[in-house]
């Protein structure tokens with residue numbers, strides 16, 4: 001073999017810098033994705049984020065090409081999109097952006113909360129009046145301390161930073177009832193009690209896998225790990241029980 | 001539409017000065033076979049190598065195999081899930097599903113795939129260049145501060161699908 005080294009073009013993609021996703025609900029004609037997605041389907045619309053903008057596609061005409069309805073400039077280093085109720089939470093390296101979908105064709109920006117830690121990879125999830133984001137400052141994402149940040153979004157136009165907790169190498173995260181699952185990369189999967197929503201309490205860390213993202217789906221927690229997928233039973237939300245691995 | 005028009009050659013910075021200089025630089029690997037890049041096809045189940053994003057609907061779980069396609073998994077029995085098949089899509093990164101149709105990227109295009117019959121997977125629709133980031137024609141930087149040199153891509157030679165590190169003279173592009 002030549003000493004030359006081949007790297008696929010994909011390595012250059014911003015997409016590969018950090019992956020995160022999380023879930024949106026139970027069974028329906030639309031499913032659930034993770035917190036690191038750049039795609040999300042809500043009703044008859046597919047929302048896509050690229051590096052700088054949010055695009056809304058009408059997909060109501062099943063089988064026809066998605067029709068671009070609007071392109072909204074969001075900022076820079078846009079990484080993730082997460083739907084919750086009639087809102088979109090968009091994670092970027094610098095901020096959490098919240099958009100209203102009152103008019104699904106034309107998302108309207110409601111708020112932007114700038115992060116103190118910059119150059120990080122930041123998926124966001126939300127439930128009721130709280131939004132959670134992980135800020136990853138390791139590796140290509142930048143320097144500084146990685147964090148879990150918690151925002152009060154009772155007033156959706158004015159997110160208030162309520163809590164900052166240390167993490168090691170965070171990626172995606174997901175919520176199921178009073179449990180918050182945070183992928184901390186090679187350090188494991190953190191399970192938090194969020195009964196007190198603004199003060200997550202770390203209950204346990206599941207180790208032995210490199211966790212990238214989660215989808216809580218009913219009583220199953222679907223985890224994207226370095227080797228494929230691992231499933232946990234979360235009938236007891238705070239105590240995931242290993243079910244299976246999907247590798248081959 | 002010719003894929004090469006999506007190239008972002010403007011991202012190249014020409015190095016100042018004209019002294020030929022031998023150095024390690026990235027050299028493009030091209031393809032002109034855009035037909036195979038755009039092919040959406042069914043494949044046999046395969047091991048997961050480059051773990052990608054996940055999506056679920058009903059009893060099915062979809063997992064992206066980064067850059068290659070989508071694993072389709074039956075998780076009706078979550079204690080013993082089974083891979084059902086694989087959908088090939090070049091540079092695959094994303095997956096979402098609605099009404100039995102899979103939405104993903106194929107290179108920089110958004111594609112809609114009917115995979116209700118995994119033996120008869122077919123492209124239903126396509127919207128070009130929804131992911132311009134995926135068509136960027138320059139090599140990756142190891143980090144934000146390291147300067148890398150590369151041979152400027154020549155769209156006449158095709159689309160860049162990879163990069164080789166070689167010692168060359170006169171690498172004109174850098175980032």
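The values are calculated or read from the model by the stated rules, or taken from the named source; none is laboratory data. What you see is a predicted model; the values in this text were computed from it and never measured. Please note: Cβ atoms are built from the backbone with ideal geometry, for glycine as well, and neighbour counts cover all protein chains shown.
Scan the stretch A:222-237 for residues that are surrounded by 15 or more Cβ atoms within 10 Å (Cβ to Cβ) and over 15 Å from residue A:207 (Cα atoms) and report the count. Spell out how you get there, then give the answer.
Keep residues of the stretch A:222-237 that are surrounded by 15 or more Cβ atoms within 10 Å (Cβ to Cβ), which gives A:222-225, A:227-234, A:237.
Keeping just the survivors that are over 15 Å from residue A:207 (Cα atoms) gives A:222, A:228, A:233-234, A:237.
Count: 5.
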Would it be correct to say that residue A:99 is away from every other protein chain (no Cβ under 14 Å), assigned to a strand (DSSP E or B) and modelled with pLDDT under 95? no
Could you tell me whether the stretch B:160-173 includes any residue that is free of Cβ contacts under 8 Å to residues at least 60 places away in the same chain and in a loop (DSSP other than H, G, I, E, B)? no
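Residues being in a loop (DSSP other than H, G, I, E, B) and surrounded by 17 or more Cβ atoms within 10 Å (Cβ to Cβ): count how many of those fall in the stretch B:129-151. Before you say what the answer is, go through the steps one by one.
Going residue by residue through the stretch B:129-151, those that are in a loop (DSSP other than H, G, I, E, B) are B:129-131, B:136-148, B:151.
Next, from what is left, pick out any that are surrounded by 17 or more Cβ atoms within 10 Å (Cβ to Cβ): B:130-131, B:136-140, B:148, B:151.
Here the count works out to 9.
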Would you mind finding the one in B:117, B:129, B:133 that is closer than 29 Å to residue B:71 by Cβ and facing chain A (nearest Cβ under 9 Å)? B:133
Pick from the stretch B:72-102 the residues that are facing chain A (nearest Cβ under 8 Å) and in a strand (DSSP E or B): which of them is surrounded by the fewest Cβ atoms within 10 Å (Cβ to Cβ)? B:101
Exception for residue B:111 within (1) out of contact with any helix residue (DSSP H, G or I) (no Cβ under 9 Å at 6 or more places or on another chain); (2) in contact (Cβ under 8 Å) with a residue 60 or more places away in the chain; (3) over 18 Å from residue A:60 (Cβ atoms) falls at (3)
So for the stretch A:208-215 (the condition being under 17 Å from residue B:58 (Cα atoms) and either at pLDDT 95 or above or within 10 Å of chain B (Cβ to nearest Cβ) (or both)), does at least one residue qualify? yes
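Those residues that are in a loop (DSSP other than H, G, I, E, B) and in contact (Cβ under 8 Å) with a residue 24 or more places away in the chain, I need them from the stretch A:102-115; list them, please.
Taking the stretch A:102-115 and keeping what is in a loop (DSSP other than H, G, I, E, B), we get A:102-107, A:115.
A:104, A:105, A:106, A:107, A:115 - these are the residues of the stretch A:102-115 that are in a loop (DSSP other than H, G, I, E, B) and in contact (Cβ under 8 Å) with a residue 24 or more places away in the chain.
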Only residues that are within 8 Å of chain A (Cβ to nearest Cβ) and more than 17 Å from residue B:117 (Cβ to Cβ): list them for the stretch B:47-70, please. B:47, B:48, B:51, B:52, B:53, B:54, B:55, B:56, B:61, B:63, B:66, B:67
Looking at the stretch A:25-44 only, could you name the residues that are in a strand (DSSP E or B) and closer than 19 Å to residue A:95 by Cβ? A:35, A:40
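Determine which member of the set A:50, A:58, A:114, A:103 is farther than 22 Å from residue B:107 by Cα and touching a strand residue (DSSP E or B) at 6+ places or on another chain (Cβ under 8 Å).
Numbers: A:50 fails: farther than 22 Å from residue B:107 by Cα; A:58 fails: farther than 22 Å from residue B:107 by Cα; A:103 fails: touching a strand residue (DSSP E or B) at 6+ places or on another chain (Cβ under 8 Å).
After applying the criteria, what remains is A:114.
Counting only residues that are surrounded by fewer than 20 Cβ atoms within 10 Å (Cβ to Cβ) and in contact with a helix residue (DSSP H, G or I) (Cβ under 9 Å, 6 or more places away or on another chain), which one in the stretch B:158-175 is nearest to residue B:39 (Cα to Cα)?
My answer is B:161.
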Residues of the stretch A:45-93 being part of a strand (DSSP E or B), more than 11 Å from every other protein chain (Cβ to nearest Cβ) and without any contact (Cβ under 8 Å) to a residue 24 or more places away in the chain, in sequence order, are A:73
